[in-house]
1. Before rounding to the nearest 500, sum -39500 (n - 2.57) across all DSSP H runs of length at least 4 in the chain and divide by the residue total; then give [θ] at 222 nm in deg cm²/dmol.
2. Along the Cα→Cβ direction, 7 angstrom out, place labels at Thr135 and Leu5. What is the inter-label distance in nm?
3. Pairs of Cα atoms under 8 Å, at least six residues apart: use those to get the relative contact order of the chain, whole percent.
Amino acid sequence: MDQHLNEFCRMNRELLGSEQVRSMGRWKHHGPISTLDHSLFVAYWSYRFARKFGWDAQAAARGGLLHDLYLYDSKDKSAHPGLQCFDHPRAAARNAAELTALSDKERNIILSHMWPLGGALPRSREAWLVDLVDTLCASLELARIYHPGRLREQMGVEPLLDGEAAAAPAPC
């Protein structure tokens, strides 16, 4: 495992091993890409760019990892009326706050990642970065240029699928 991936995993080990984050593997997000794979892709590259620029890499990584922690099938309109595509940042922020303490910057990253469609304005360089990286990653996924499941496998993060027990090996 390369140095950057190892550092990213060490920094986020608790979140990567959590049942809530791993359960994002249950839902498809962009075509065949799970919400977990997409979120890991966004978080890792947000971390890498923030680190390169000397910004808050931890906030970028945590905000990127939790930005889609909405934990429902976004395509099922009957199960979640009112919580559709552009509303999911608020659900993700609520779920993230229940999982871990969030800094103001991390909360804004999650709430603003769909800007301008999601409503909240990015208020830091890191929030703008995650918004941009999210768009780029989604484009690569939808165009079938890259499947982020390979990145998840390198990290050793096991998705928690329907009916599975929460026990899993520690990531990274």
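What follows draws every value from the coordinates through simple rules; no lab data is involved. Because the structure is predicted, anything quoted here is derived from the model rather than measured. Cβ coordinates were reconstructed from backbone atoms using ideal geometry, including for glycine residues, and neighbour counts include every protein chain displayed.
1. Helices in the chain give a 222 nm mean residue ellipticity of -16500 deg cm²/dmol.
2. 2.8
3. 29
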